[in-house]
Amino acid sequence: MHNKKFDWLTHLEELPSRIYVILAVATLATNTIVCVFAHTDPALTGIISIAIYTLISLTVYLLVKHRLNLYKIESSASEAQTKSVVFSFKNQLKIPYAVIDEKGKLITANSAFSTAISHKGTVYGKDISELCNINLEKLLEYVEPEELDPNEEFLGNIHLNDIVDAQLATLGQIKYKTECYPLHSKGREYYMLVFFDVTELIEINQRYRNHFAAVGYVVIDNLEEIAQYVRVDYQDQTREAGRLLADWVSDMGGIFCEYENNKFLMVFTHESLSECIRNKFSILDAIHKIEIGDAHIPLTVSMGIATIGDKLEERKYNAMVSLDMALQRGGDQVVLKTPTGIFYYGAKTKTLQKRTKGHAKIIFGKLAAIIENSSNVLIMGHRSPDFDCIGACVGMTALIRNMFPDIDVKVVTDVDSDNFKACTSRLLMLSDYQDTFIDRVSALEYNNTETLLIIIDANNMSILEAPELAKNSFKKVIIDHHIKKEEFEYEPELSYIDPSASSACELIAEMLEEVLPPEVSFNEEANLMIAGIMLDTKNFTRTVGMRTFAAALYLKNSGADTEYARTFFEEAFEDYLSESQFGSGAKIYRDRIAIASSVGNGSPNDRILAAKAADKLLSVRNVSAAFTLILSESGVNLSARSDGSINVQLIAEHIGGGGHFDSAGAFFADLSLEEAEQLVINAIDAYFDNLDNNDEN
C-alpha cells in the first residue's frame, strides 16, 4: 500500500512529558536571568515562576487529555466500523471476488466465491485458472485503470457485446463476467477479480439468437437447360422438389411459400439455421436424387439466406443478394450472408448452360442504354491476358463501334505480352485498330466522370490489368464467365456473370449474333474470338454446351479461320522444355489426384505452361483432378483441372483462388514452391474431409 502522512494524534500520549520538561527548563532559565539582571527577590521570583509553570502545565494536561479522549473514541468507532465492513464484504457480499498474486495464485476470497466454485477443502494458493476456467494471461489484457472514474458506477449495466471471451469465467454452473483491478503492496503486484453473474444475460441472448428470423430465397435453377436436353414433362419432378423443400422448412418450424413459378421464399429461426449449417445443407443432396429423363439429369436448387440486418426487410434484401451470388457462382449451392461474413455450401454438380436465345439481346439492351449516356468507353480484362480475354475485348470493341460509331472506344491491355503480339499482328494492320490499344498509364488520361468502363473476363478487381482504373471509375459494367467469389465493393451498373458459359468470347459472340445485322463481317475479330473459345474449351473438348457450338458456328460464318487461329497456340522451344519438366516430377495423391511442380524459365507464358501441363495430366488414366504449380519471378502460379467429379473451384477458393467447377487457379506471391504445394495438399484434404462429413450427416 502507498505510504500514509504522519498523524500527530497517534502520538498524543507522548506529548505531556515532553512539554513539561521543556516548560521546566524554560521557566528555570527565565527565573535565573531575572534574578541576575533585575536584582529582584529570588524567593518571590521563584514563587512566581513555579505558579506560571504550574498553570501552563495544568492547561496543557487538560487540553491534551480532552483531545486524547476524543481520538480514542473516534479510533474505537472506526476500528469497529472497519471490522464490520470487512466482515460484511467477505461474508455477506453476494458478488464473488478474489485476490490473486501476479502468478495467478489465490491469496484470499470471499465466501460468495467459495460457495460459487463449490470446492471442498482449501483453495488458497491454487491457480485461479483451474478454479474458474479462465485464461489469466488474456484477462490481464483487460485490466481496469487504477484510478476509477468517481462518476462511473462500479456496478453499471453490463452489455453482452462489451464482454470479450477472455472475461468470461465459469464458477460452478454459472457464467460470470470478470473485471480485474490492480493492487500494490510492499513492492508486489496483486489483482482483485470481481465476478458479475451474466448467466441469465447469456441465456436471454441465446434465446434471442435462436429465435432470430433468417430469411431465404430458393429457386430450382436448371429447368431451362433441362428443357434443352430432354423432351419430357418434368412438372412432376419440380412438384416433388417443391414438396421436399416445403417439408424441410416445415420440419424446422418455418414458413415456406411460392412467390413465383418454382421460386420460393422461406423464413425460419436461427436455431434451425445452425442445424442446417451442421449438416452442410443436406437438402441439396436430397434434391439431387430427383432426376429427369433417360439422361438422369439431377435437379438442383440455389438458395440465398441472410441473417444480417435488424429489420426483416433488410434481411429479405440481403437474401436476394445472396441468391444472385449463388446463381452467378453456378448454382446448386447455398450462399449464407451473416454479420461475420459470407459462407458457401454445396456446388457438387457441374453447371449446365443456362442461357436461352434472346438473353444476350436483353443484356445488350441494358448495356446500350448505359453506353448512350457515356462520353467514351474503356474496355479492360485481366493481367497477363490470354486469347479469351483479348478476343472478348476486341469483340466488344467491334460491337460498340458498329452500334455506336460516334463513341470513342479504347482497350486497356498489356501490349507487350506475348499473347497479345501473337494474335493481333494482322488486326493491328487495320486502320480502325491503329490507336485502339493503350496501356494502364494512358488509360487514366481517358477516364472521366462520364466514362464507361467495361470489365471483361474477370470479376475480381485485384487481378485486372489496371485495378486503379476500376477503383476510380464512376460507371462500370462486368461481363464474365468466372464464378463470382464475393460481393462487389461498389455495385456495377450492369453485371452479366454466367459461369455456365465456356468463355467470355462465347458471351460476346452471342451479343454480336443477336444485335449486328447478318451482312456485317469482322474476320480478324472473329479469329481472335474463336481462338479464345478454343483455349478455354481445350479445342471443344471441355466445358462445351449447345450455345458454345452455336457461338463457334456464328464466328465461323463471320470469317473466322480455325487453321489461322491455331497458329496463335504455337509455343517456343524453351516453353516446350519447361512444360515437359512437369511430367518428371508429377505424383499421385489420394489415388486420383495428380500434383506436379516446376520452376519456370522466366517467360511471361509460365502460367500458361502450368495450365497446359494440368490438362495433360488430366488425360492420364484414373486421374480425376490435376494441380500444377510453377515458380516465376512474381510468385507461384497454380492451375487446377478436373474431369467434373471433383470441384477444383472450391479447392482453389480455400487458398484464395477461384475459377470454375472443373478449371480453377490461384497465385501465391510470398510462398516457396514447397510451401505452396503443401497449401494445395491441405486444401485438397479439407475438401474431401468436408465431403466425408456430408456423407456421414
Show the residues, 5+ positions off or on another chain, whose built amide H is closer than 5 Å to the amide H of residue 475.
453
Using a Förster distance of 60 Å, the FRET efficiency for residue 126-residue 48 (Cβ separation, nearest 0.05):
0.20
How large is ³J(HN,Hα), in whole Hz, for each residue of the range 462-474 in order, when computed from phi with the Karplus curve 6.51 cos²θ - 1.76 cosθ + 1.60 and θ = phi - 60°, using x for Gly and Pro?
6, 9, 6, 4, 9, x, 5, 5, 5, 5, 9, 8, 8
With x for Gly and Pro, the residue-by-residue ³J(HN,Hα) of the range 270-283, computed from phi through the Karplus equation 6.51 cos²θ - 1.76 cosθ + 1.60 at θ = phi - 60° and given in whole Hz, is 5, 4, 5, 4, 4, 5, 5, 5, 5, 9, 6, 6, 5, 4
How high is the FRET efficiency from residue 108 to residue 203, r the C-beta distance, R0 30 Å, rounded to 0.05?
0.45
Show 394, 36 ordered by accessible area, largest first, where the area counts protein heavy atoms only and the probe is 1.4 Å.
36, 394
Within the range 380-422: backbone nitrogen closer than 15 Å to the residue 462 label point (7 Å, Cα to C-beta)
383
Got a number for the accessible area of residue 382? Probe 1.4 Å, square angstrom, nearest 10.
20
From the protein chains alone at 1.4 Å, what is the descending order of accessible area for 541, 27, 424, 562, largest first?
541, 562, 27, 424
Are there any GluC sites (Glu not before Pro) in the range 595-697 that are in a DSSP loop and have at most 15 other Cβ atoms within 10 Å? List them by number.
633
In this model, which of 263/311; 311/476; 316/337; 421/475; 103/186; 337/366 are farther than 20 Å apart at the alpha-carbon?
263/311; 311/476; 421/475; 337/366
Once the piece of chain linking residue 449 and residue 138 is laid out straight, how much longer is it, given 0.36 nm per residue of separation minus the C-alpha distance between them?
106.9 nm
Cα centroid separation, the range 260-308 to the range 450-528 (Å)
30
HN-Hα couplings for the range 181-189 via Karplus (6.51, -1.76, 1.60; θ = phi - 60°), in whole Hz with x for Gly/Pro, come out as 10, x, 10, 10, 7, 6, x, 10, 9
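The values are calculated or read from the model by the stated rules, or taken from the named source; none is laboratory data. Note that the coordinates shown come from a computational prediction; the quantities given were computed from them, not determined experimentally. A quick note on method: Cβ atoms are made from the backbone with ideal geometry, for glycine too, and the neighbour counts reach across all protein chains shown. Only protein heavy atoms, including side chains, enter the accessible area calculation; ligands, DNA and RNA are left aside. Shrake-Rupley method; radii C 1.70, N 1.55, O 1.52, S 1.80 Å.
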